[in-house]
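Visitor: The structure's right below; bear with me while I get my questions together.
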Amino acid sequence: MTSEALLLWGVVFSSVGLGFFVYGKKQQRLSPLLCGLALMVLPYFVGTVPLLIGVGVVLVALPYFKCRELKQTTEMFHRILR
C-alpha cells in the first residue's frame, strides 16, 4: 500500500509542479517557477507518504501566499507615495 500511495502522490505533486513551472516561466515569476521545480523533484527525495503530502501541500500553497503578500506590500507602497 505504501509504495502505491507514494507513487500516486508523487505523480499528483509532479503534475502540479509542472503546471507551476510552466506558469512561472511564461509569466516570468520566480516563486511559482521554483515551487514547481521543487514539486517535480520532491518525490525522488522523500520516502514516506505523510512527509510527501505535507511538504507537497506547503509547496503548493507557497506561491499563493507569496503573491498575496506581494500585493499587500505593493498596495502599502502606493498609499505611502500618494
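Visitor: Within region 39-49, can you find the residues that are at pLDDT below 95, of a type outside the set (Val, Ile, Thr) and surrounded by fewer than 19 Cβ atoms within 10 Å (Cβ to Cβ)?
Guide: Passing the criteria: Tyr44, Phe45, Gly47.
Visitor: Turning to a different aspect of this structure: Residue check, Lys66 against (1) out of contact with any helix residue (DSSP H, G or I) (no Cβ under 6 Å at 6 or more places or on another chain); (2) assigned to a helix (DSSP H, G or I), all met but one. Which one?
Guide: All conditions are met except number (1).
Visitor: List pairs: first in region 9-31 and free of Cβ contacts under 8 Å to residues at least 40 places away in the same chain, second part of a helix (DSSP H, G or I) and among the charged types (D, E, K, R), Cβ under 7 Å, 6+ apart or cross-chain?
Guide: What qualifies is Ser31/Lys66.
Visitor: Quick check on region 14-30. Is at least one of its residues β-branched (Val, Ile, Thr), closer than 18 Å to Ser3 by Cα and over 11 Å from the mean Cα position of the chain (by Cα)?
Guide: No, region 14-30 has no match at all.
The values are calculated or read from the model by the stated rules, or taken from the named source; none is laboratory data. Quick caveat: nothing in here was measured; it's all calculated off a predicted structure. All Cβ positions, glycine included, derive from the backbone under ideal geometry; neighbour counts span all protein chains shown.
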